[in-house]
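Structure first, commentary second.
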Amino acid sequence: MNRFASMALSLSALALTAGAYGQSQIQVVVDGNPVVFNGQGPAMVQDRVLVPLRGVLEAMQAHVNWNPSNQTVTADRPGYHIQLTIGQTTGSVNGNPVTLDVPAQIMNGSTMVPLRFVGEELGETVHWDANSHTVTITAGDYNVPPPREREHHRHPQLPPPPTPPPPVNVQQTVWVLPPNMVIPANLNIDLDSSQCRPGMRFDCVVPHYPGLPDGCRIEGVVSDVVASIGGGPGGIDFQFDTIIAPNGRRVHINGQPMRLDQPGMRRDNRGRYMAPGGVFNRFVVVNDGGRPRFVNVHDHGPLHGPAAWKEASRGVRRGSGDVHLAAGTSIGIRLSAGVRL
């Protein structure tokens, strides 16, 4: 039996056997490494196993992009370009149309695709272990025929298995955000030291970011303001206290603004920004020669107080005027403590 026929039988067996198991029981291993799904995990839809596209393909060293305007996801790796549209059963691999058993769809903020698509159209070796309920994917074989040359290897469609019973006591997905994680966010309004007042609330939109459901917002509050006097620099001190999930759930956070290019910033294995712990106190924004500058201030007194403002404005050029952060400005929000969303 050739490699593709064997793989097709394995996938059919997966569809028939995995139906009795809930999504929390199905595990995915790529090249010997378990794939950790902090959010949505594998699930059964129309008797087919669906897996999160981003989690699985990124484990295969693929680059994944999401276009919210047309609900289309693309993935690239050597020898392959994949495009899928949410809700459609037809996608493309290297420009060739491919039919999916069930359409790509979004579950709890994750783009889900049929495992059969991942296996057959990417030329991977897929194995289902019924005893451990584990899907094993062996990646890295790029020397395979393109999809159209492999059409005749496909196994005939088997009759669908019996409909599994509905899940019982399905729990809401929990997103775990570690301490010192930095979330990029875009301001929804202008912030200007000549107009802001302490206590003023505002919010930011979080673009697609690993470890967070799409569509999150983060609320902040202006703590203190120093307006420009006689051409001197203006400054704004603000904090972030609430993250709002796409379903409207509100969770309290202790968030500090900071630069995304701050020295010492790193990326974890999921691509998230991480700030070194125990280094930063608080950042305020001052106007330095017509440009906003994030300044790390050790003094925790009021920004307009002599000590804090002397530290924040040290080295700032005269004639700077009020600081202005335009709507759409991207800033980093560092979590002082971990939260569960």
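Every number in this text was worked out from the coordinates using simple rules, so none of it is lab data. Since the structure is predicted, the reported quantities are computational estimates derived from the model, not experimental observations. Because the Cβ atoms are built from the backbone with ideal geometry, glycine has one as well, and the counts that use them run over all protein chains shown.
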Going fewest to most other Cβ atoms within 10 Å around each Cβ, C204, C216 line up as C216, C204
Length gained when the stretch Q25-H304 is fully extended (0.36 nm per residue, less Cα-Cα span): 94.9 nm
Using Cα-Cα distances under 8 Å and only pairs 6 or more residues apart, what relative contact order does segment 176-340 have, in percent? 33
Would you mind counting up the charge near A307? Only other residues with Cβ under 15 Å from its Cβ, with Lys and Arg at +1 and Asp and Glu at -1. -1
If I model a spin label as a point 7 Å beyond the Cα along the Cα-Cβ vector, how far apart are those points for T242 and R270 in nm? 2.4
Could you tell me how far the Cα centroid of segment 284-331 sits from the Cα centroid of segment 209-235, in Å? 12
Enumerate the amide H contacts of D203 below 5 Å, restricted to partners 5 or more residues apart or on another chain; note that Pro and chain-start residues carry no placed amide H. N188, I189, G220
About its Cα centre, how strong a charge dipole does segment 176-340 have in debye, to the nearest 20, once Lys and Arg get +1 and Asp and Glu get -1 at the Cβ? 380
Could you work out the local net charge near Y273, counting Lys and Arg as +1, Asp and Glu as -1, over the other residues with Cβ closer than 15 Å to its Cβ? +4
Taking 7 Å along the Cα-to-C-beta vector as the label spot, tell me the I86-A327 distance in nanometres, rounded to one decimal. 2.4
Is segment 176-340 best put as rounded, prolate or oblate by its Cα gyration tensor, with a ≥ b ≥ c the root eigenvalues, rounded for a/c under 1.5, and otherwise prolate when a/b is larger than b/c, oblate when not? prolate
When I86, I183, I218 are ranked with the fewest other C-beta atoms within 10 Å first, the list becomes I86, I218, I183
Taking 261-270, 302-311, 46-55 and ranking on average Cβ neighbours within 10 Å, highest first, one gets 46-55, 302-311, 261-270
Given R₀ = 51 Å, FRET efficiency for R317-N131 by Cβ-Cβ distance, to 0.05? 0.15
Give me the one-decimal nm value for the distance between modelled label points at D190 and R291, 7 Å along each residue's Cα-to-Cβ direction. 2.1
